[in-house]
């Protein structure tokens, strides 16, 4: 439980938008459930393991993109932006994150014989939580 509370404190410290915080918390819960499903079914099938690993990759990209977007737009809106190279740095870090994600997906598919359908499902986990939360909160 200490790990969850420290992760929650880290998210609340770095993400100020309550809507994005809810998305991230829900993603963490969903990835935790996928991890438990992967542990329970690992002896018979690795399908849930690949969904979990794809979800972790996608969550990692979403989380750090959300942190950057919040810092960048808050500094622009408040007029405190002094870094002229901030967009260039974001392009560089985004491309490095995408390169690392693509490299890991290649390793998963080529060398570890991952299920491509499971990886695609896992990669869509963080983005699929947004409509789920909108429907559950009666926003749609």
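Quick rundown of the values:
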read-out	value
Residue list for the range 118-130, filter: in a helix (DSSP H, G or I) and touching a helix residue (DSSP H, G or I) at 6+ places or on another chain (Cβ under 8 Å)	118, 119, 120, 121, 122, 123, 125, 126, 127, 129, 130
Residues satisfying the stated conditions in the range 12-56, i.e. within 26 Å of residue 72 (Cβ to Cβ) and outside any helix (DSSP H, G or I)	15, 16, 17
Qualifying residue in the range 84-98 (condition: part of a helix (DSSP H, G or I), closer than 16 Å to residue 50 by Cβ and modelled with pLDDT under 95)	no
Check on residue 29, touching a helix residue (DSSP H, G or I) at 6+ places or on another chain (Cβ under 8 Å), surrounded by 12 or more Cβ atoms within 10 Å (Cβ to Cβ) and more than 22 Å from residue 71 (Cα to Cα)	no
Flag if residue 39 is within 26 Å of residue 135 (Cβ to Cβ) and at pLDDT 85 or above	no
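The values are calculated or read from the model by the stated rules, or taken from the named source; none is laboratory data. Source: prediction; values computed, not measured. In this analysis, Cβ positions are derived from the backbone assuming ideal geometry, glycine residues included, and neighbour counts consider all displayed protein chains.
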